[in-house]
Amino acid sequence: MNFFKLGRGELFGIIIPGAFLLLNIIAFVPMSKVGVDSSRFVIGKSSAISITIFLVLSYIIGFSLRLINPDLIERFTFFLRVPWLFVFSFLHTQKKSKKFLPYFSNQIKIYWESFPYIDWFYDYYLKKSPYSIVLFFEKIYTQEFLMNKDGMKGRIFINQCKLFVRLKSTQLNDELMFREGLVRFLSGMSCAFFFCACIILYNEPLKIHIFYLYIFLFFIFSRKLRYIRFKEVGLIFTSFAYSVMVSNDTKKN
């Protein structure tokens, strides 16, 4: 078993969010409502069966959370970003003496774009990248996709890039797995916080302080999710370019 994969992907990305949601269900949902004896869910100190059942249920719940596309979380939190983007754009344009409306519209476009953020990558990320990386992706854009960015969007191209990196570099593969696990963790915990808040609001309205805490953590995690996905995209594409260039140099030598 690949322990690195288990630790970075399965444990942090699936089991922990699932266990968190399961513990809140046990704590705040009266088992009598579903006709279950709550004493059966008490994990004894030496109860290997109970621990096994708990871990299995945690994995199932966590995997179910994983099926929720992170894009949905980004879309949900996008509308909460609009006031912040408005203020940020206004202050930035006043400072830089730029026109507000075009800049604000462009910020909206950036934050609305779906993963893997191809427009953001070409229009912003590459501008701060080494010239060799810029030339590499300009060649990809003009020769491989015939200047059609829409063909690069979606999951197919970025998954092909990840596959190539994993075949060429173990170290880069480990780093990609770390980023994927982090995205899974943020996405899973965002969903878990949201569902836990709903559970508390419905079953334990007197514990409203916990509800507010979970809503606050949901906004923190979901806001960080997009930033981490930006970093993941940058790592994948630059790793792909680096792997291709190193492979071509090796063939020449």
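Taking region 198-240 as the region of interest, how many residues are farther than 30 Å from PRO130 by Cα, touching a helix residue (DSSP H, G or I) at 6+ places or on another chain (Cβ under 6 Å) and not charged (D, E, K, R)?
12
From the list SER239, SER190, SER243, pick out the single residue that is polar (S, T, N, Q), within 15 Å of the chain's Cα centre (by Cα) and modelled with pLDDT of 90 or more.
Values: SER239 fails: within 15 Å of the chain's Cα centre (by Cα); SER243 fails: within 15 Å of the chain's Cα centre (by Cα).
It is SER190.
For TYR202, are the conditions met, namely being modelled with pLDDT under 90 and exposed (fewer than 14 other Cβ atoms within 10 Å of the Cβ)? If you could, list the steps in order and put the result at the bottom.
Values: modelled with pLDDT under 90: yes; exposed (fewer than 14 other Cβ atoms within 10 Å of the Cβ): yes.
Taking the combined requirement at face value, the residue satisfies it.
Within 14 Å of the chain's Cα centre (by Cα) and not in a loop (DSSP other than H, G, I, E, B): does that describe LEU225? Break it down stepwise before answering.
Working: within 14 Å of the chain's Cα centre (by Cα): yes; not in a loop (DSSP other than H, G, I, E, B): yes.
Criteria met by LEU225.
Are any residues in region 71-110 exposed (fewer than 12 other Cβ atoms within 10 Å of the Cβ) and touching a Ser or Thr at 6+ places or on another chain (Cβ under 8 Å), and if so, which ones?
Listed by number, the list holds a single entry, LYS99.
Being within 26 Å of the chain's Cα centre (by Cα) and hydrophobic (A, V, I, L, M, F, W, C) is the filter here; which residues of region 131-148 pass it?
Residues satisfying the conditions are ILE133, VAL134, PHE137, ILE140.
Regarding region 8-24, can at least one residue be identified that is modelled with pLDDT of 80 or more and surrounded by fewer than 17 Cβ atoms within 10 Å (Cβ to Cβ)?
yes
Looking at PHE211, PHE218, PHE193 in this structure, which one is free of Cβ contacts under 8 Å to residues at least 24 places away in the same chain, in a helix (DSSP H, G or I) and surrounded by 17 or more Cβ atoms within 10 Å (Cβ to Cβ)? First the steps, then the outcome.
On the way: PHE218 fails: free of Cβ contacts under 8 Å to residues at least 24 places away in the same chain; PHE193 fails: free of Cβ contacts under 8 Å to residues at least 24 places away in the same chain.
Sole residue among the options that is free of Cβ contacts under 8 Å to residues at least 24 places away in the same chain, in a helix (DSSP H, G or I) and surrounded by 17 or more Cβ atoms within 10 Å (Cβ to Cβ): PHE211.
Going residue by residue through region 130-143, is there one that turns out to be acidic (Asp, Glu) and either modelled with pLDDT of 90 or more or within 25 Å of PRO70 (Cα to Cα) (or both)?
yes
Quick one: how many residues across region 84-127 are within 18 Å of LEU225 (Cβ to Cβ) and β-branched (Val, Ile, Thr)?
1
May I ask you to list pairs of residues, at least six apart or on different chains, whose Cβ atoms are under 8 Å apart, with the first in region 147-160 being in contact (Cβ under 8 Å) with a residue 12 or more places away in the chain and the second being β-branched (Val, Ile, Thr)?
Short answer, once both residue conditions are applied: LYS149/ILE118; MET152/ILE118; MET152/ILE140; LYS153/ILE118; ILE158/VAL233; ILE158/ILE236.
Looking only at residues in region 105-134 that are in a helix (DSSP H, G or I) and touching a residue at least 60 places away in the same chain (Cβ under 8 Å), which one is farthest from GLU74 (Cα to Cα)?
SER132
Test LEU172 against the criterion of being more than 29 Å from ILE108 (Cα to Cα) and either without any contact (Cβ under 8 Å) to a residue 60 or more places away in the chain or of a type outside the set (Phe, Trp, Tyr) (or both), and give yes or no.
It is true that LEU172 is more than 29 Å from ILE108 (Cα to Cα) and either without any contact (Cβ under 8 Å) to a residue 60 or more places away in the chain or of a type outside the set (Phe, Trp, Tyr) (or both).
The values are calculated or read from the model by the stated rules, or taken from the named source; none is laboratory data. These numbers were taken from a predicted model, which means no experiment stands behind them. All Cβ positions, glycine included, derive from the backbone under ideal geometry; neighbour counts span all protein chains shown.
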